[in-house]
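J.: My structure is below; once you've seen it, I'll send some questions.
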Amino acid sequence: MAFNKKAVTGMRDILPAEMEIRSALQHIIRETYAGYGFTEIETPIVEHIGNLTSKQGGENEKLIFKILKRGEKLRTGLEKLSETADIEESLEALTEEGLRYDLTLPLSRYYAANSASLPQPFKALQIGPVFRADRPQKGRFRQFVQCDIDILGDATNLAEKELILATTEALDRIGFDKFSYYVVINDRRFLFELIRYAGMPEEDAEDILITLDKADKIGAVGVDAELKAAGYSEQSVAKLRDILDSFTQDAEGVRAFAQRIGSPEALDAGLNVADIMESVQGISGRKINILFDPTLVRGMGYYTGTIFEIKTETFGSSVGGGGRYDRMVGRFTGQNVPAVGFSIGFERIMTILMDGDVSGLAAGREKNAWLIEKGMPAQRLAEIFDEAIRERAAGKQVLTVWMAKNKKFQKESLTVQGYTAFREFYREALK
């Protein structure tokens, strides 16, 4: 049977031209985050299945690529499979590992295992692939890269402020500012206080929040209709709609929104969000567009406080997001550690950038192509190599290749690859 040359569905091969841009942009992102004191780490792409299915990952837990057990463990699992009709038990019997669906859960495990060797607070940078068995579409793949920064060990909102400043600076430096992106911010405590304020059952919070999270897709009318269809009273839905329609998206609007709800939790959340907004908007030299949205939910179950997303009118979904997850490390150690992170959806950013003019995104070292006539004597070839080494040490990129018969076509092909300067070397000194 012939091999299949196509990449697996939802995954893709990346050609050199795009790879050069990806590498250049990741270099800028790394350099920006390093300037804020973030230290790069790496975690395995394979995680314990129990960690991945701990009900912390929201809908993503339905999209896990599970890895079958091997050898005797698999045989034992298959025997159990034949004895039960329960699908969940059957899957558990056959798997013990899976591919990570994000970088936050692996980071929490990493911190729990290595905290004694890490500085406090710990500022982590991760760039790597994650995997979700999602339906592929534009900007959405089953294997994709995330760029995460996280701060563990800081309970104050200084951490959120630094994350927003660093992430927006990285986006500006890679040229994403031309797409008029903005940061949307909320606090998860507002969401639960909203449900209480409207008189809806607290035990239904998860279902209600799923509906609220659709606000940017189905609008206010759609949200209200869905809540009524789920059986919530006209009075509760109207009370919820009234408060959601009565706020402004600036810091003053946050304070007014918190005062309207009036509970201690809402007032504290209001102080938190308003302070973050005013701090990052108050710096000179940079304009950061940050807006309050009390319907922002974020799907992960591990968020406990501040949450945020990056949006642009150019793309239908968010292109980044994150929030505070103060209880995640405690799931591993029994002792909670304050933690907050911000993730750039690198593939979505790339999709938007690649749809436009990308000619200047990978601009860097001068690219030289040296064409060497075939049959060049070894001693002369060594001299050419010596000269190329010196040029590279001076910061230039030098490609040494055999000269093709059709030299004109060869140069045109190299020009397409970004080479701008050419030298030709012949067996004879003059030719």
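J.: Could you tell me whether Pro338 is open to solvent by 10 Å² or more (accessible area, probe 1.4 Å) and over 27 Å from the mean Cα position of the chain (by Cα)?
T.: Judged against the criteria, Pro338 is not a match.
J.: Report the residue count in the stretch 401-421 for those that are hydrophobic (A, V, I, L, M, F, W, C) and touching a Lys or Arg at 6+ places or on another chain (Cβ under 6 Å).
T.: Within the stretch 401-421, residues that are hydrophobic (A, V, I, L, M, F, W, C) and touching a Lys or Arg at 6+ places or on another chain (Cβ under 6 Å) number 1.
J.: Pick out the one residue from Asp293, Asp326 that is open to solvent by 30 Å² or more (accessible area, probe 1.4 Å), among the charged types (D, E, K, R) and at pLDDT 95 or above.
T.: Answer to the selection: Asp326.
J.: Of the conditions (1) part of a helix (DSSP H, G or I); (2) touching a residue at least 12 places away in the same chain (Cβ under 8 Å); (3) of a type in the set (A, V, I, L, M), Ala225 fails just one. Which one is it?
T.: (2)
J.: Next question, about the same structure. Suppose we filter the stretch 107-139 for residues that are in contact (Cβ under 8 Å) with a residue 24 or more places away in the chain and assigned to a strand (DSSP E or B); how many remain?
T.: Looking only at that region, the number is 10.
J.: Can you pull out every residue in the stretch 227-251 that is surrounded by fewer than 18 Cβ atoms within 10 Å (Cβ to Cβ) and either farther than 19 Å from Glu193 by Cβ or among the aromatic types (Phe, Trp, Tyr) (or both)?
T.: Answer for the stretch 227-251, where residues must be surrounded by fewer than 18 Cβ atoms within 10 Å (Cβ to Cβ) and either farther than 19 Å from Glu193 by Cβ or among the aromatic types (Phe, Trp, Tyr) (or both): Lys228, Ala229, Ala230, Gly231, Glu234, Asp250.
J.: Check Ile310 against each of (1) within 19 Å of Leu209 (Cβ to Cβ); (2) open to solvent by less than 10 Å² (accessible area, probe 1.4 Å); (3) part of a strand (DSSP E or B) and name the one condition it does not meet.
T.: Every listed condition holds for Ile310 apart from (1).
J.: Within the stretch 114-150, restricting attention to residues that are of a type in the set (Val, Ile, Thr) and under 20 Å from Ile352 (Cβ atoms), which residue is least open to solvent (accessible area, probe 1.4 Å)?
T.: The extreme case among them is Val130.
J.: Within the set of pairs 6 or more residues apart or between chains, which connect a residue that is closer than 17 Å to Arg188 by Cα inside the stretch 319-336 to a residue that is aromatic (Phe, Trp, Tyr) and assigned to a strand (DSSP E or B) with Cβ atoms less than 8 Å apart?
T.: The qualifying pairs are Gly321/Phe308; Gly321/Phe342; Gly322/Phe308; Gly322/Phe342; Gly323/Phe308.
The values are calculated or read from the model by the stated rules, or taken from the named source; none is laboratory data. The structure presented is a predicted model; accordingly, all values stated were derived computationally and were not measured. All Cβ positions, glycine included, derive from the backbone under ideal geometry; neighbour counts span all protein chains shown. These area figures cover heavy atoms from the full protein model, side chains too; ligands, DNA and RNA do not enter into them. Shrake-Rupley method; radii C 1.70, N 1.55, O 1.52, S 1.80 Å.
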